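Asks: Pasting in a structure now, in structure tokens, and then I'll have a few things to ask.
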Amino acid sequence: MGEVFLKQIPSYDVDTINDAILKGFSSLGIDIKNEVRGKRVLLKPNLLGAYPPEKAVTTHPSLVEAILKILKGRDCEIWMGDSPNGVQNSLEEIWEKTGMDDLARRYGVLRKFFEREGAEWVGELLISKPVLEADYIINLPKLKTHSLMTMTSAVKNMFGIVPGLKKASYHKISKTPKDFATWLVKIAESRRPDLNIVDGITAMAGNGPSAGYPVNLGLLAIGRDMYDIDYLLASILNIKPEETETLKAAKLLGFTDLKPPVVKGDDASLFDTSTFKLPVTYSLKVSHTRFFNYLVNAFIGRLSISPKVNKRRCKRCGACIKICPASAIKKTKDGYPEIARKMCIQCYCCHEACPHRAIDLRESLILRLNKWISSKLRAK
Ligand code: SF4
Ligand code: SF4
């Protein structure tokens, strides 16, 4: 049975995090000094876009610094890399705004821009070269909600090993969230990380992974196995692990038996999730009532959540147009994007990529009606 170390941490104080990580290693029997000796160690944070750390979109630099303090002075070469969504800002701006550039300079870390380092085919998957060349990978996800996958943590963070806009093609060929989750698992398995350290100290709730809101969850999680970590974190966020697409896909592919891991360190019940809302799209995944099932059968196709451009916030940057894998977004004469609903495959890439939170997710009338009726029935 797998093990996950949990620690409650009140703030991003580097020394406190450093201390917690060392305790976690000791508790899990991880001899980091020997494990990284003579190796090229790749740190893989979440660098989704040019967001400052307090927005809780990207892995916090204090957590990365805490692990750098542990690695520094060891007999290893430290690399850091990720591939953002590929449409907004320059890579340099992303590294600068997220605080990673400063860390790389101070700790002598080799920056690896996955888009620029080349890629190789691993079977049917195109994977960035530094990922394949690294001897040891430490996955450093940010714990967030995700409008398509409900949650992004260890497995989903490895999607960043696919370079640039190639990522969008996986949305295009996926007919359902289940298909997309299967790709995510295959990609993560193409180079399974050696270690996972999840930043949930300030997590993102609501309509993540970029347009949600920060919640001070105070959670740090460490584990060897991506699925054990995601299982435990899903449970803490009140998401049924067996309804989590990536975990379901991993089970079908034979990578996990979907069993709860042994929890070391702090008790999972310590983490207060009372203000942590799941994305609006989660309501599509869970059947609350028999009435819901009836509606799904009767109105299939109308229980939908669609992206809609919010012109008040839109800055006409064109990032959504560039990323849309279905070419469903066109620029209108006044420069605003317009979404062709019939072409939209509801992958929510535009929602994720918009740097100005100008793509809203709108529930269809029938879905809102169902939710209202479901809540009334549950209240009885
Ligand atoms: S909706 Fe967002 S991504 Fe699209 S053009 Fe407007 S600001 Fe840019
Ligand atoms: S409009 Fe948005 S949600 Fe629809 S296919 Fe394009 S990127 Fe995906």
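Asks: Tell me, what is the FRET efficiency for residue 331 and residue 240 to the nearest 0.05, using R0 = 45 angstrom and their Cβ-Cβ distance as r?
Replies: That gives a FRET efficiency of 0.65.
Asks: By per-residue mean of other Cβ atoms within 10 Å, what is the highest-first order of 115-124, 339-348, 40-49?
Replies: 40-49, 339-348, 115-124
Asks: In terms of the ratio Rg/(2.2 N^0.38 Å) built on C-alpha atoms, what value belongs to the stretch 1-159?
Replies: In units of the 2.2 N^0.38 Å rule of thumb, it is 1.03.
Asks: Taking 1 over the mean of 1/r across every pair of different Cα atoms in the stretch 78-124, what Kirkwood radius in Å do you get?
Replies: 11.7
Asks: To continue, here is another question. So what are the ³J(HN,Hα) numbers for the stretch 61-66, from phi and the Karplus equation (6.51, -1.76, 1.60; θ = phi - 60°), rounded to whole Hz, Gly and Pro as x?
Replies: Karplus-based 3J(HN,Hα) across the stretch 61-66 equals x, 5, 5, 5, 5, 4 Hz.
Asks: Can you compute 3J(HN,Hα) from phi for each residue in the stretch 106-115, using the Karplus curve 6.51 cos²θ - 1.76 cosθ + 1.60 with θ = phi - 60°, rounded to whole Hz and x for Gly and Pro?
Replies: Calculated HN-Hα couplings, in order: 5, 10, x, 8, 7, 6, 10, 7, 4, 5 Hz.
Asks: Can you pull the three principal axis extents for the Cα set of the stretch 72-179, in Å, largest first?
Replies: For the stretch 72-179, the Cα extents along the three principal axes come out at 47, 30, 24 Å.
Asks: Given a Förster distance of 22 Å, report the FRET efficiency between residue 165 and residue 356 from their Cβ-Cβ distance, rounded to the nearest 0.05.
Replies: 0.65
Asks: Right, next: Please give, to one decimal in nm, the separation of the simple spin-label points placed at residue 37 and residue 70, each 7 Å out from Cα toward the Cβ.
Replies: Placing both labels 7 Å along Cα→Cβ, they lie 1.8 nm apart.
Asks: Here is a further query. Tell me the chymotrypsin sites (Phe, Trp or Tyr not before Pro) within the stretch 195-265 that lie in a loop according to DSSP and have at most 13 other beta-carbon atoms within 10 Å.
Replies: Qualifying residues, ordered by number: none.
Asks: Name the most mobile residue of 191, 357, 105, meaning the one with the largest mean-square fluctuation, in a Gaussian network model of the chain with Cα contacts below 10 Å.
Replies: Its mean-square fluctuation being the largest, the pick is 105.
Asks: Residue by residue through the stretch 334-350, which ³J(HN,Hα) values in whole Hz follow from phi under the Karplus form 6.51 cos²θ - 1.76 cosθ + 1.60 (θ = phi - 60°), with glycine and proline marked x?
Replies: 7, x, 7, x, 10, 9, 7, 4, 5, 8, 5, 9, 6, 8, 6, 4, 5
Asks: Still on this structure, please answer the following. Can you give me the C-alpha center-to-center distance between the stretch 141-175 and the stretch 1-66, rounded to a whole angstrom?
Replies: 20
Asks: In whole Å, how far is the Cα centre of the stretch 320-340 from that of the stretch 233-265?
Replies: 36
Asks: How big is the stretch 3-270 along each principal axis, measuring the range of its Cα positions in Å and listing the largest first?
Replies: 47, 43, 34
Asks: Right, next: Taking only Cα atoms of the stretch 130-198, what ratio of Rg to Rh do you get with Rh as the Kirkwood inverse-distance radius?
Replies: Looking at the stretch 130-198, the ratio lands at 0.96.
Asks: Length gain on complete extension for the stretch residue 257 to residue 102, per 0.36 nm per residue less the alpha carbon to alpha carbon distance?
Replies: Separation in residues times 0.36 nm, less the Cα-Cα distance, equals 51.7 nm.
Asks: When Lys and Arg each count +1 and Asp and Glu each count -1, what net charge do the other residues less than 15 Å away from residue 263, Cβ to Cβ, add up to?
Replies: Residues near residue 263 contribute -1 overall.
Asks: What does the convex hull of the alpha-carbon atoms of the stretch 201-277 project to on average, in nm²?
Replies: 5.3
Asks: For the ranges 52-64, 175-187, 270-282, what's the packing order if you count other beta-carbon atoms within 10 Å of each residue, average per peptide, and put the highest first?
Replies: Answer by packing, highest mean first, reads 52-64, 175-187, 270-282.
Asks: Can you give the angle from 0 to 90° between the axis of helix 226-236 and the longest principal axis of the chain, with both taken from C-alpha atoms, to the nearest 10?
Replies: Between helix and principal axis, roughly 60 degrees.
Asks: Within straight cross-link reach of residue 331, meaning Cα distance under 24 Å, which lysines are found once same-chain residues fewer than 8 apart are removed?
Replies: Excluding near neighbours in sequence, the set is 166, 167, 172, 308, 311, 315, 322, 342.
Only the coordinates and a few stated rules stand behind these numbers; no lab work does. As the structure is a computational prediction, the values presented were derived from the model and not from experiment. For neighbour counting, all protein chains shown are included, and Cβ atoms are generated from backbone atoms with ideal geometry for every residue, glycine included.
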